[in-house]
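Trainee: Can you keep this structure in mind? I'll have questions shortly.
A short reminder: the numbers here are calculations on the coordinates, not readings from a lab. What you are looking at is a predicted structure, and each value in this text was computed from that prediction instead of being measured. Here the Cβ is made from the backbone with ideal geometry for all residues, glycine too, and neighbour counts use every protein chain on show.
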Ligand SMILES: [Mn+2]
């Protein structure tokens with residue numbers, strides 16, 4: 001039962017309309033190609049990971065919120081609620097085994113009622129599950145023991161099967177494989193074992209599927225990671241074939257890595273598959289998108305838009321757009337509303353960059369003007385455009401305000417109780 005409907009949203013919008021109109025008119029007046037940009041923004045959606053709907057924890061502890069989803073169905077309802085409010089979160093990304101569907105038909109029907117699609121499915125060989133025959137303590141696809149590798153491959157193929165039933169079109173593989181100490185691992189053998197496993201998984205993909213190879217610089221292994229950076233991921237993806245791509249998670253780099261340059265070159269090679277958005281100050285902090293380095297996020301989107309345009313890639317559907325965040329202190333749903341807004345805002349700002357002028361300035365080595373062009377776009381307040389899009393699609397002008405006014409968390413607590421824990425990290 002959804003605790004919100006479009007009529008209620010439109011009543012909540014009513015008192016905000018006149019102020020919104022003024023703000024929108026002002027913002028719109030400064031933009032060339034307004035309607036074309038509005039159309040692109042209308043089509044853009046970001047998938048929500050099922051593991052981000054509960055309160056996350058750190059290795060030191062977890063301070064659960066209340067009213068967390070107790071089942072896959074309730075996780076889907078949370079995403080449906082987000083999508084009702086912001087009209088830009090119409091897809092959910094499932095994690096196996098945390099979200100194994102018991103009955104595909106029921107889950108598909110529930111998704112249709114909530115207007116949700118299933119985005120990439122995610123495998124998990126970074127934890128041992130109850131009853132599992134072999135441990136992943138020393139890795140999964142890289143493991144020295146063939147039986148462990150076999151188990152990890154079979155798991156990934158099972159994840160693909162679940163995804164096929166639900167209409168997913170991609171599998172994201174993130175491996176925690178690596179080594180904790182020097183000398184523990186033969187790097188070359190670890191790579192070759194991993195490649196062999198990925199090949200078997202790749203061969204199990206349906207024709208119209210993509211395999212995303214996600215990399216991460218460190219953690220949980222702190223000496224080496226077997227898919228540690230974009231170069232290694234690109235190496236795997238290239239050896240695997242045309243359905244394999246690199247996935248960029250913003251938190252998976254060494255400090256101050258130039259992610260926008262990575263994005264540009266991966267797009268040039270046709271090997272950028274998708275994104276996990278989050279923000280960080282130190283590492284894989286998994287903070288709200290845009291909360292720490294909004295300018296970096298804009299610069300990344302600027303390269304995304306430039307690179308997608310150069311290759312004729314559809315902005316909304318050409319790549320996989322997902323959030324991968326964890327919420328330790330904020331309400332997960334409010335946090336996700338902030339993240340989606342930050343992504344759309346950076347995307348909007350990158351759409352108003354004058355690419356032609358930038359290219360001329362670059363060719364003239366006019367460094368000052370290049371910076372003026374980029375920062376001019378970044379400092380333009382386009383939030384009224386995003387509100388206008390939500391309004392046109394039947395969403396809330398101010399989603400977080402609507403969430404609070406309608407006491408949606410309290411309503412969820414009434415149904416779900418205050419002491420359950422959502423599965424996840
Ligand atoms: Mn990720």
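Trainee: Give me a count of the residues in segment 112-135 that are under 30 Å from residue 388 (Cα atoms), touching a strand residue (DSSP E or B) at 6+ places or on another chain (Cβ under 7 Å) and not in a loop (DSSP other than H, G, I, E, B).
Mentor: Of the residues in that region, 2 qualify.
Trainee: Take segment 215-234 and flag every residue that is part of a strand (DSSP E or B) and either in contact with a helix residue (DSSP H, G or I) (Cβ under 7 Å, 6 or more places away or on another chain) or surrounded by fewer than 21 Cβ atoms within 10 Å (Cβ to Cβ) (or both).
Mentor: Listed by number, the list holds a single entry, 224.
Trainee: Looking at 161, 149, can you tell me which residue is without any contact (Cβ under 8 Å) to a residue 40 or more places away in the chain and within 24 Å of residue 243 (Cα to Cα)?
Mentor: Of 161, 149, the one residue that is without any contact (Cβ under 8 Å) to a residue 40 or more places away in the chain and within 24 Å of residue 243 (Cα to Cα) is 161.
Trainee: Still on this structure, I have one more. Looking only at residues in segment 196-207 that are in a loop (DSSP other than H, G, I, E, B) and surrounded by 15 or more Cβ atoms within 10 Å (Cβ to Cβ), which one is farthest from the ligand (Cβ to nearest atom)? Quick ask: steps written out before the conclusion?
Mentor: First, pick out the residues of segment 196-207 that are in a loop (DSSP other than H, G, I, E, B): 204-207.
Narrowing further to those that are surrounded by 15 or more Cβ atoms within 10 Å (Cβ to Cβ): 204-205.
On the way: 204: 22, 205: 20 Å.
Of everything passing the filter in segment 196-207, 204 is farthest from the ligand (Cβ to nearest atom).
Trainee: Considering only segment 208-225, how many residues are within 16 Å of the ligand (Cβ to nearest atom) and closer than 19 Å to residue 171 by Cβ?
Mentor: So the count comes out to 7.
Trainee: If you don't mind, there's one more thing I want to ask. Exactly one of (1) buried (at least 23 other Cβ atoms within 10 Å of the Cβ); (2) over 18 Å from the mean Cα position of the chain (by Cα); (3) under 17 Å from residue 125 (Cα atoms) is unmet by residue 237. Its number?
Mentor: (3)
Trainee: Taking only segment 345-382 into account, find how many residues are part of a helix (DSSP H, G or I), more than 16 Å from residue 306 (Cα to Cα) and touching a residue at least 40 places away in the same chain (Cβ under 8 Å).
Mentor: Selection size over segment 345-382: 1.
Trainee: Also, I was wondering about something else. Within segment 267-286, can you find the residues that are more than 13 Å from the ligand (Cβ to nearest atom) and crowded, with 24+ Cβ neighbours inside 10 Å?
Mentor: 272
Trainee: Identify, by number, the condition in (1) surrounded by fewer than 24 Cβ atoms within 10 Å (Cβ to Cβ); (2) closer than 22 Å to residue 317 by Cα that residue 171 doesn't meet.
Mentor: Every condition holds for residue 171 apart from (1).
Trainee: Just a yes or no: is a residue in segment 104-111 part of a helix (DSSP H, G or I) and under 27 Å from residue 315 (Cβ atoms)?
Mentor: yes
Trainee: Among the residues in segment 327-343, are any within 16 Å of the ligand (Cβ to nearest atom), in contact with a strand residue (DSSP E or B) (Cβ under 6 Å, 6 or more places away or on another chain), assigned to a loop (DSSP other than H, G, I, E, B) and in contact (Cβ under 8 Å) with a residue 60 or more places away in the chain?
Mentor: No, the conditions are met nowhere in segment 327-343.
Trainee: Of the residues in segment 237-256, how many are within 16 Å of the ligand (Cβ to nearest atom) and in contact (Cβ under 8 Å) with a residue 40 or more places away in the chain?
Mentor: Qualifying residue count, segment 237-256: 4.
Trainee: Something else about it: Among what's in segment 111-131 and is under 22 Å from the mean Cα position of the chain (by Cα) and over 15 Å from residue 48 (Cα atoms), pick the residue that is surrounded by the fewest Cβ atoms within 10 Å (Cβ to Cβ).
Mentor: First, pick out the residues of segment 111-131 that are under 22 Å from the mean Cα position of the chain (by Cα): 111-112, 114-127.
Within this subset, residues satisfying the condition of being over 15 Å from residue 48 (Cα atoms) are 112, 123-127.
Working: 112: 10, 123: 24, 124: 21, 125: 26, 126: 14, 127: 12.
The extreme case among them is 112.
Trainee: Consider residue 103 against the criteria (1) in contact with a helix residue (DSSP H, G or I) (Cβ under 7 Å, 6 or more places away or on another chain); (2) without any contact (Cβ under 8 Å) to a residue 24 or more places away in the chain: it satisfies all of them except one. Which criterion is unmet?
Mentor: Among (1) in contact with a helix residue (DSSP H, G or I) (Cβ under 7 Å, 6 or more places away or on another chain); (2) without any contact (Cβ under 8 Å) to a residue 24 or more places away in the chain, residue 103 violates only (1).
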